[in-house]
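*Asks:* The structure is given below, and queries will be raised subsequently.
Each reported figure results from applying straightforward, stated rules to the coordinates on display, with no laboratory input. Keep in mind that this is a model prediction, so the values were computed, not measured. Quick reminder, even Gly has a Cβ in these numbers, built from the backbone with ideal geometry, and neighbours come from all protein chains shown.
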Amino acid sequence: MDFINTALVTLSQPKGFWPSILNAFKGGVGSYVVAVILIAIIVRILFSAVDIVNKKVNMKNSAINEKMRPELEAVQKKYGNDQRVLQQKQSEIYRKYQFSMMGSCLPMLIAMVLQFTVFLTLWNSLQAVSNFNIVDKYENMKNVYANVIALNDNEQLAISYEDGDTLTLEFDENELGEKTMSLILTNEATSKNQAINGIKVEDLSNETVLDLLDKYVIEHYDDAVANSVYKPKAYSQQILELAQEAAKEYYKETQESFLWIKNIYKSESPTSPLFTKSEIMDYLTKYYKAEDFTDIAKLEEEKMFDCVIGNNTALKEIKDQKNGFYILTIIAVLSSFLSTWLSNKLMKGKNSKTNANGQPQSKMMYIMMPLVFGLFTFMYTSLFAIYIIVGQLVMIALTPLTSWVVKKWIANDAKKQKAKDVIDVDYRRKDM
């Protein structure tokens, strides 16, 4: 089928820095998944430059800490009972080795703030983009469904249709280039096809959609139990089935999947890839004015959801599918752990039991980030899970290179310092 994208409420793409970049990339590559992968690669490469500076400062501080440790331990042992004198002696040692506690922590703090800011803002933007696409797809399914129901409002159909005849739905294009749909009535005896009531596929208001469903689909709606009961009227049974099938076909033809993930806009979990009523109602509140989303408006939206999605038997196959099996969560946790382990393995000194700041290696750093990444991939859109995993894999690939650059940088600084020390010694000898 050939569908036109329209929506029943006024939807607007999320705005801001990341949504603008995401939509620009998506417009170029045609897929949000590819856009997210490219953004993850670019962001991680840019952060690798920050990582190099951070690691260089940390390794330099680690070397200074190794040199200061014996003296610090000695003054701690000697002046441990007099905190004022102890602090004075420690300050003297720091000045001797030109060590600044603030200077040693500042690069790390800057890197953490930058990465945390990108992490949260991009997560929020990807979730907003996912929510928008879910609502947009639902609104268009509602539109397609209601347009098929509208075809039932036709005297010619009532005159021509008899039991045993077959109705099919056909999408076409008129002379103005507008998408149209019409019913094709096939008589079993003569196998003759007859086009019935072609209409233009266009925006319908929520009121129009609800009127159509009330007229041809919904027999009774009990507000107390919020449950629609269906009973076909006149010649609407086949029309109803066609509407359900049209909504399903629209969903399938516009669905964005990736590998085993059926719906990239939902979390990769063993739940249906189809959106739920609670999700739709929650997301729709962002597009209604507060004064317009009354209890009556909510009930009307619930009615329409029940018709288009909830009681749509054509969607049973999709409802029974699994959107994933937490594979992305597992990969995110493992890749985060591997990234942390590899970085520390390559950067710490030989047989060293301390990190780059001279502190004992903490097991918490091997636990905290994997847990954070696992939580976000478990709960939120698959797009963000893909971003996290790609970013971690790129980081793992770049870690040997960044570590080599840092070590070369430090070795070059040490060589320059040694040459400077030799020159200083020579000058002193000449003065003598």
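*Asks:* Test of understanding: what is the full-extension gain from residue 296 to residue 253, defined as 0.36 nm times their sequence separation minus their Cα-Cα distance?
*Replies:* On the way: separation 43, 0.36 × 43 = 15.48 nm, distance 3.25 nm.
Between residue 296 and residue 253, full extension yields 12.2 nm more.
*Asks:* Based on the Cβ-Cβ distance from residue 94 to residue 365, what FRET efficiency comes out when R0 is 35 Å, to the nearest 0.05? If you can, show how the numbers build up before the last one.
*Replies:* Numbers: r = 25 Å, r/R0 = 0.72.
Once rounded, the FRET efficiency stands at 0.85.
*Asks:* Given H placed on each backbone N at 1.01 Å, which residues far from residue 286 in sequence or on other chains put an amide H within less than 5 Å of it?
*Replies:* Residues meeting the amide H criterion: none.
*Asks:* Grab the Cα-Cα distance for residue 379 and residue 69, subtract it from 0.36 nm times how many residues apart they are, and report the gain in nm with one decimal. Spell out each step's value before the answer.
*Replies:* Details: separation 310, 0.36 × 310 = 111.60 nm, distance 4.50 nm.
Length gained, residue 379 through residue 69: 107.1 nm.
*Asks:* Follow-up question, since we're still on this one. With viscosity set to 1.567 mPa s at 4 °C, what whole-number translational diffusion coefficient in µm²/s follows for the range 1-103 from Stokes-Einstein and a Kirkwood radius over Cα pairs?
*Replies:* On the way: Rh = 19.2 Å.
Estimated via Stokes-Einstein, D reaches 67 µm²/s.
*Asks:* Would you please give the FRET efficiency between residue 325 and residue 38, computed as 1/(1 + (r/R0)^6) with r the Cβ-Cβ distance and R0 = 30 Å, to the nearest 0.05?
*Replies:* Numbers: r = 26 Å, r/R0 = 0.87.
After rounding to 0.05, the efficiency reads 0.70.
*Asks:* Using label points projected 7 Å from each Cα along Cα→Cβ, tell me how many nm separate residue 208 and residue 397, to one decimal.
*Replies:* Taking the simple label geometry, residue 208 and residue 397 are separated by 5.0 nm.
*Asks:* To the nearest 0.05, how large is the calculated FRET efficiency for residue 76 and residue 120 if R₀ is 45 Å and r is the Cβ-Cβ distance?
*Replies:* 0.65
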